[in-house]
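Below you'll find the structure I mean.
Nothing in this text is a laboratory measurement; each read-out follows from the coordinates by a stated rule. None of these values were measured; they are calculated from a predicted model. So basically every Cβ, Gly included, is an ideal-geometry build from the backbone, and we count neighbours across all protein chains shown.
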């Protein structure tokens with residue numbers, strides 16, 4: 001048989017456990033309704049975290065490749081920035097000349113069309 005002090009200790013433990021696990025029925029309903037949603041939300045956050053890690057890794061790889069390209073393109077090449085500016089200016093001049101030539105060609109085509117219409 002148990003002693004009175006052991007019985008009192010068990011009752012105190014049961015009361016403490018009941019206090020901890022004793023939930024209001026509305027709390028139980030809310031928990032049961034939201035637990036599935038909260039689990040899904042937690043899984044979504046974990047997936048988001050994983051995808052962010054993957055994206056960060058890919059971005060790091062891209063950054064390293066771009067730095068390598070920059071090193072090859074600008075540091076190792078023998079073309080200086082001044083030369084690039086000169087070449088760009090030449091290209092712009094050629095573009096202007098081509099536009100003038102295209103306008104002239106359009107005028108010539110129009111004249112030829114008029115001459116053909118007269119014949």
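Is the shape of the range 24-110 best called rounded, prolate or oblate, per the rule: a/c under 1.5 gives rounded, else a/b larger than b/c gives prolate, else oblate, with a ≥ b ≥ c the square roots of the Cα gyration tensor eigenvalues?
Taking the square roots of the gyration eigenvalues as a ≥ b ≥ c, the range 24-110 is oblate.
Let me know the shape class of the range 79-119, please: from the alpha-carbon gyration tensor, a ≥ b ≥ c as square roots of the eigenvalues, rounded when a/c is under 1.5, otherwise prolate if a/b is greater than b/c, or oblate.
prolate
Hey, another quick one. Spin-label point model (7 Å from Cα, Cβ direction): what's the residue 81 to residue 64 distance in nm?
2.9
For labels at residue 48 and residue 107 in the simple 7 Å Cα→Cβ model, what's the distance in nm?
It works out to 6.5 nm between the two label points.
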